[in-house]
1. Length gain on complete extension for the stretch residue 641 to residue 133, per 0.36 nm per residue less the alpha carbon to alpha carbon distance?
2. Tell me the relative contact order for segment 9-198 as a rounded percent, counting alpha carbon contacts under 8 Å between residues six or more apart.
3. When a/c is below 1.5 the answer is rounded, else prolate if a/b is larger than b/c, else oblate, so apply that to segment 540-596 with a ≥ b ≥ c taken from the square roots of the Cα gyration tensor eigenvalues.
4. Explain nothing, just the number: relative contact order of segment 460-571, from Cα pairs under 8 Å at least 6 residues apart, as a whole percent.
5. Give the calculated FRET efficiency between residue 110 and residue 266 to the nearest 0.05, with a Förster radius of 45 Å applied to their Cβ-Cβ distance.
6. In the neighborhood of residue 541, defined by Cβ-to-Cβ distances under 12 Å, what is the net charge if each Lys or Arg adds +1 and each Asp or Glu adds -1?
7. Quick check: residue separation of residue 293 and residue 466 times 0.36 nm, minus the Cα distance between them. What number comes out in nm?
8. Let a ≥ b ≥ c be the square roots of the eigenvalues of the Cα gyration tensor of segment 126-226; is it rounded (a/c under 1.5), or, if not, prolate (a/b larger than b/c) or oblate?
Amino acid sequence: MPHIQCLPPHVADLIAAGEVVERPASVVKELVENAIDAGSSAIVVEIQNGGMTYIRVSDNGCGIAYDQLPTAFLRHATSKLRTANDLSAIGTLGFRGEALAAIAAVSRVDIFSRAEGSTAGGSLHIEGGAAEDVTETGAPQGTTICVRDLFYNTPARMKFMKKDSAESAAISGVVQHLALSHPHISFKLIRDGQESLHTPGDGQLYSAIYAAMGRDFALSLLPIEGRGGEVEVKGFITKPLNCHGSRGKQVLFVNGRFVKSQLLTAALEEAYKNQMMKGKFPGCVLHVTLPPEMVDVNVHPAKTVVKFVSDKAVFDAVYYTVLDTLNGEKRPVKEEKPQQQSFYRSMTAEEFRAKSAAETKKPLGSYTTAQRSTPVSAPAPKPAPTPAPKSAPVRPAAEPIFVRDVAEKGKPFTYTAGTTRYEITPPKAEEVKQETLPLPAVETPVPVEVQETMLPKEAPWRMVGEVLKTYIICEDEQENVWLIDKHAAHERLRFDALKAADHPVMSQPLLTPLTVSLEAESYAAAVENLDTLERFGFVCEDFGSGTLLIREISTEVRLEDAAATVEELSQKLATGRADPAAARDELLHTMACKSAIKAGMTTDAKELQALVEKVQAGEILYCPHGRPVKHKLSKYEIEKLFKRA
Ligand code: ADP
Ligand code: MG
């Protein structure tokens, strides 16, 4: 008969310690979180040998009173939680009162601390959980805890440790995440004598990202902010073109705590669909904030899992905030030219045209280099807003070649994401046309109301021509040369239009039906999905033996492309994604690709002009597969090619 008895305290402590302290990174996390809870504004972490032999965390927080030093190391000793009710309203990072006891049970600890308002500091040495007496020492305000020889008394645990470099990387990750969730605190990490991270603690998330994740990453980011109900989403996401080969640069926080969450990752990535190349992943530093009662607080604080009361509310808040930001990115990108800004007054293209038309009697919209070189003496004051005369001349619209392509500005249309239908109100013309160019100053005030007319039809750029029957060349007023991939740009335009349309694609009957023979799987899928093909404008019949008869084709595609389009659609029906919205997108990709003007094809200059207008207005940035549609060559880059610069 086994005899039941209580464990000796030091054995119980060792077992408990195993749960809190898994590896050096967990020690760092607990110590730094304590420092944060103590109200520090600067925290320094030093490690040696991946933290196995030495971890030191110093802070300038409230400190621990001399006589309380031994208490802090007792199990379940905490200053952060008094009653059971406090559990649900917990605002600090630690609250179980276990960390210091656990760390001290499996290492050799020295602590130095001086409490706020006290003149004398104290120090204490604890080894394997056994504390010596507190001694009085001089110390700066705050706390320094030094942990040596981790797991020296638990050889079994020691065996599980990875190489120093892996432990060191894990510690860097912990410090990085804590720095990103506390931008108002300056963090420094010193690894084997070398500073590897140092954030300024200026309260700006962007500064923390710049310091903790590097310049290149920081420069690839777009700010993001939004909310869905009680869920607030804030932070930075990478631009679609800067996406990464892995998810390693996705950093997510929920109520300030670093988490790993498939739900949040899925919401983020879903919003990038159609803007990002396959196999790429967006990076982000996202803070999701929601009322504490909407998150499960009983999840172990040392773990990074998170449970939400409403997954859908959280998914939607993140998805739509990211989507809105990415769509906003399509607006004209303002070129940062600070030194010019101070000399030139920013003026909208509309203002500029009105002014130059009045001055030079040139046709509206044209520009010459002479205008650019107008000498400027001083910045002109911003004109007072004067209402524009209702009869202000409106220039005739350009050839409406691509009118069918664009959802009417300002008019809402529906959009389906996953199983959710979403009403989208496209930015109004005045929101879109905010591109301000550094242009010469004017003395006479220009009526501001003029800005609220339509998007400038003739932006300050000039189409030079087309090369290789594929790339349109333009130059703009800032002496940049633009190369535009005409197929990619038009494909995007077609894709957006097809996606926004909520009616089936129109079809036209053929005098002589076409036949297309398909490979077995595609054929089976096509025959099973004749109604889907019809919704895309292709009325087909099963002609037997792997052949389809096409009686009507979509008005979107050329006759010579019809058979190939049906073949590709059938292929996608056979192999496509299970999610109906994703599957629809795949089919739309085919439609957009086939209906777009092609590389190598001769295109009417007016058609190119209309396309460039859309691209230069910032409405198109990536083709539906995520490839860029335009590339800028600055004058400087060209001059460098010719060794002029
Ligand atoms: P918990 O953080 O869950 O309360 P810990 O064992 O981590 O438990 O710490 C015990 C107590 O020691 C804390 O509640 C706090 O009062 C005190 N303490 C620990 N580290 C610090 C620090 N760096 N500065 C001030 N007080 C600290
Ligand atoms: Mg703690």
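Just so you know, all these numbers are worked out from the coordinates, no wet-lab data involved. Not measured: the values here are computed from a predicted model. Here Cβ is always computed from backbone atoms with ideal geometry, including for glycine, and neighbour counts include all displayed protein chains.
1. Taking residue 641 through residue 133 to full extension adds about 175.6 nm, to one decimal.
2. Working: 412 pairs, mean separation 53.6, N = 190.
28 percent.
3. Details: a/c = 2.37, a/b = 1.18, b/c = 2.00.
Because a/c hits 1.5 or more and a/b fails to exceed b/c, segment 540-596 counts as oblate.
4. Result for segment 460-571 is 21 percent.
5. On the way: r = 46 Å, r/R0 = 1.01.
Result of the calculation: an efficiency of 0.50.
6. The answer is -2.
7. Values: separation 173, 0.36 × 173 = 62.28 nm, distance 5.95 nm.
Roughly 56.3 nm would be gained on extension.
8. oblate
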